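S.K.: I have a structure here, written as structure tokens, and I will follow up with some questions on it.
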Amino acid sequence: MDVIIFDDDTTQAELLTEILRGKGYTTEKFYNGQAAVAEIKRHRPRLVILDIMMPMVDGLTICRTIKSDPDLSRIHVIVTSGKRYKEVEDEAHLCGAAAFFPKPIKVDQIRSTVQKLIGPPGAQSAGATLTPRPAASLGKIWGSESSGGGGVPGRPTSCISMDLGPNLLILDGGTGMKDLVGHKQKPIEKQIWLLLSNYEADRVGGLSHLTQAFGEDYTLNIVGPNDHREPLQQVLNKGLYRDGAPRAAVQIFAVSESKFNLWAGVRASAIFTLHPRACLAYRIDFQGRSIVYCPNNEYPTDDEAPSLDFRNKFKNFAHAADILIHDARYMDKDFSEYQNRGNSSPSAAVHAATEAGVRKLVLFNNDARYGSEILGPALSELRQKLLNDGNPLDVDFAVPGGSFFA
């Protein structure tokens, strides 16, 4: 079986069936989600198309169940919905969907996506796109933009949170920290780990929001690069301690290239990146998953010996990571003007991700001059190029409020 369709809108289900059978795919359709998992186990399709709002069982629950079952997790899932909200699309991807289409579905889009995911009718193997595994950790982007050091009102700078079991991991302390401490549920074990990539304003401008965020029974564990020009304690004195001593206990760790345990089952490693300041990229490994966070790095694409040395080093560091969050500050058309300043472009970040064989690339640290009217078309163009090249890499721009899973 190629495709099973679950949709209580009979017109929609019939249309999808007609479209796919017209291309030679074998299909089956059902008008509610009551026995969806049992039917999927019985037919073993290569692709499932799920509507979200269905009687009995909703599509997101079915998607999450498929992706959490080792026997079914390789099945590709497309989610459709009449709820045309970005939050709904994000939730579908978090549940493991390979694609999301708001209704009414465009015929050409569904045809090309099915072809991309599972190849021709009856093929024994899926297409090039990698199907996400069920989420072991959810990440939330609270800030992602580069302000040039001055800060841009309403455009929060670097801050990402990761839910890794009972503790909370934070990547960088930019102005996005304000929203994080205002909306994030506090960790059960009262341990917060903050990994700072460097000490520029975009990375530490929100540290003061941590001062009163956690009580006396919490511990802030803060890791940052060993920078001889500006020690970590000095950075914290100007930020975290600016308005008085934090309520929580504070432990600090200034590190160079190294490997270290954060807590049981969660291990971190760090390497210095190509940037004028002391700047670290971090790799977090947990439950067989891995995330690489690299917000400042001028990834080289030439074949000169020093460049090849770093490329091999980074390739080994990021090898087969589930997610690479990488600097893509300047659009490709502008990049030549800003070379040798320690930042990358989207195409350079794609180069890094492709060489390392990562599953998903999140383009980070975009310059504040680029609004959605620039980033949207740039992303569409980049995805089309990857598709044309047969590159299975999944790519997105980071945006405040966005989520990802690993």
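The values are calculated or read from the model by the stated rules, or taken from the named source; none is laboratory data. Since this is a predicted model, take the numbers as computed values, not measurements. With ideal geometry, Cβ positions are generated from the backbone for all residues, glycine too; neighbour counts draw on all protein chains shown. With ligands, DNA and RNA removed, areas are computed over all heavy atoms of the protein, side chains included. Shrake-Rupley method; radii C 1.70, N 1.55, O 1.52, S 1.80 Å.
S.K.: For helix 346-356, report the angle its Cα long axis makes with the longest principal axis of the Cα atoms of the chain; keep it between 0 and 90° and round to the nearest 10°.
M.R.: So the inclination is approximately 80 degrees.
S.K.: Compute the FRET efficiency between N32 and R74 as 1/(1 + (r/R0)^6), taking r as their Cβ-Cβ distance and R0 = 41 Å, and round to the nearest 0.05.
M.R.: Working: r = 25 Å, r/R0 = 0.61.
For R0 = 41 Å, the calculated efficiency reads 0.95.
S.K.: Using a basic spin-label model with each label point 7 Å from the Cα along Cα→Cβ, how many nm lie between N388 and D9?
M.R.: Using points 7 Å along Cα→Cβ, the separation is 3.2 nm.
S.K.: A follow-up question, please. For H183, put the label point 7 Å out on the Cα→Cβ axis and report which residues of segment 228-264 keep their amide N under 20 Å from it.
M.R.: From segment 228-264, the list is empty.
S.K.: Here's a follow-up. When the Karplus curve 6.51 cos²θ - 1.76 cosθ + 1.60 is applied with θ = phi - 60°, which whole-Hz ³J(HN,Hα) does each residue of segment 371-380 get, with x for Gly and Pro?
M.R.: Karplus-based 3J(HN,Hα) across segment 371-380 equals x, 4, 5, 9, 5, x, x, 5, 5, 4 Hz.
S.K.: Relative to the longest principal Cα axis of the chain, at what angle does helix 107-118 sit, 0 to 90 degrees, rounded to 10?
M.R.: For helix 107-118, the angle is close to 70 degrees.
S.K.: So, one more: At R247 and N316, where each label point lies 7 Å from the Cα along Cα→Cβ, what is the point-to-point distance in nanometres?
M.R.: The modelled label-to-label distance comes out at 4.6 nm.
S.K.: For K186, go through the aspartates and glutamates and keep the ones whose alpha-carbon is under 15 Å away, minus same-chain ones fewer than eight residues off.
M.R.: D163, E216, D217
S.K.: Hey, another quick one. Considering only Cα-Cα distances, which of the following residue pairs are longer than 19 Å: K67/K360; K315/K360; K140/K360; K116/K360; K140/K313? It would help to have the intermediate numbers written out before the result.
M.R.: Numbers: K67/K360 17 Å; K315/K360 15 Å; K140/K360 15 Å; K116/K360 16 Å; K140/K313 28 Å.
Among K67/K360; K315/K360; K140/K360; K116/K360; K140/K313, the Cα-Cα distance tops 19 Å for K140/K313.
S.K.: Averaged per residue, what accessible area in Å² does the chain show with a 1.4 Å probe, protein chains only?
M.R.: Ligands and nucleic acids excluded, the figure is 43 Å² per residue.
S.K.: Further, regarding this structure: Under 5 Å between amide H atoms, partner at least 5 residues away or on a different chain: which partners does V250 have, H built in plane at 1.01 Å?
M.R.: L220
S.K.: Taking the chain as the reference, fit the longest principal axis to its C-alpha atoms, fit the long axis of helix 305-318 to the helix C-alpha atoms, and give the angle between the two in degrees, 0 to 90, nearest 10.
M.R.: It works out to around 70 degrees.
S.K.: Okay, moving on. If packing is taken as the average number of other Cβ atoms within 10 Å across a peptide's residues, how do 351-357, 9-15 rank, most packed first?
M.R.: The densest-packed peptide leads the list: 351-357, 9-15.
S.K.: Give the cysteines in the chain for which no other Cys Cβ lies under 4.7 Å away, or write none if there are none.
M.R.: Lone cysteines by the Cβ rule: C159, C279, C294.
S.K.: Excluding M1 itself, what net charge comes from residues whose Cβ is under 13 Å from its Cβ, given Lys and Arg +1 and Asp and Glu -1?
M.R.: The answer is +3.
S.K.: Between segment 271-337 and segment 46-101, what is the separation of their alpha carbon centroids in Å?
M.R.: After rounding, the separation between the Cα centres reads 32 Å.
S.K.: Something else: Beta carbons within 10 angstrom, averaged per residue: use that to sort the peptides 190-198, 246-254, 380-388, 332-340, highest first.
M.R.: 190-198, 246-254, 380-388, 332-340
S.K.: Okay, moving on. If r is the Cβ-Cβ distance from K259 to R42 and R0 is 30 Å, what FRET efficiency results, to the nearest 0.05? Mind dumping the intermediate values first?
M.R.: Values: r = 46 Å, r/R0 = 1.54.
The formula returns an efficiency of 0.05 here.
S.K.: Any idea how far apart Q212 and N226 come out in nm if each label point goes 7 Å out from Cα toward Cβ?
M.R.: It is 3.7 nm.
S.K.: Still on this model: Students often check this: by mean Cβ neighbours within 10 Å, which of 28-36, 283-291 ranks highest, and how do the rest follow? Provide the component values of the computation, followed by the final result.
M.R.: On the way: 28-36: 17.2, 283-291: 18.8.
So the peptides 28-36, 283-291, ranked by packing, come out 283-291, 28-36.
S.K.: Right, another one. Carbon and sulfur: what percent of the chain's accessible surface (1.4 Å probe)?
M.R.: Accessible surface attributable to carbon and sulfur in the chain totals 49 percent.
S.K.: Follow-up. Would you grab the residues whose amide H sits under 5 Å from the one on V395? Only those 5+ places off in sequence or on another chain, please, with H modelled 1.01 Å from N.
M.R.: So V395 has HN proximity to L361.
S.K.: With θ set to phi - 60° and the Karplus curve 6.51 cos²θ - 1.76 cosθ + 1.60, what are the ³J(HN,Hα) couplings of segment 293-300 in order, to the nearest whole Hz, using x for Gly and Pro?
M.R.: Each residue of segment 293-300 in turn: 10, 9, x, 9, 6, 8, 5, x Hz.
S.K.: Which one, L274, L379, W263, is farthest towards the positive end of the dipole of the chain when Lys and Arg carry +1 and Asp and Glu -1 on their Cβ?
M.R.: The listed residue farthest towards the positive side: W263.
S.K.: Looking at the chain, send over the antiparallel percent of its DSSP beta bridges, to the nearest 5. Could the numbers behind the result be given before it?
M.R.: On the way: 30 of 78 bridges.
Rounded to the nearest five, the antiparallel share is 40 percent.
S.K.: So, one more: Does a label point 7 Å from the Cα of V399, set along Cα-to-beta-carbon, have any residues of segment 84-110 with amide nitrogen under 19 Å, and which are they?
M.R.: Only 84-104 pass the distance filter.
S.K.: Could you size up the charge dipole of the chain around its Cα centre, putting +1 on the beta carbon of Lys and Arg and -1 on that of Asp and Glu, and report it in debye to the nearest 20?
M.R.: Using only the charged Cβ atoms, the result is roughly 500 debye.
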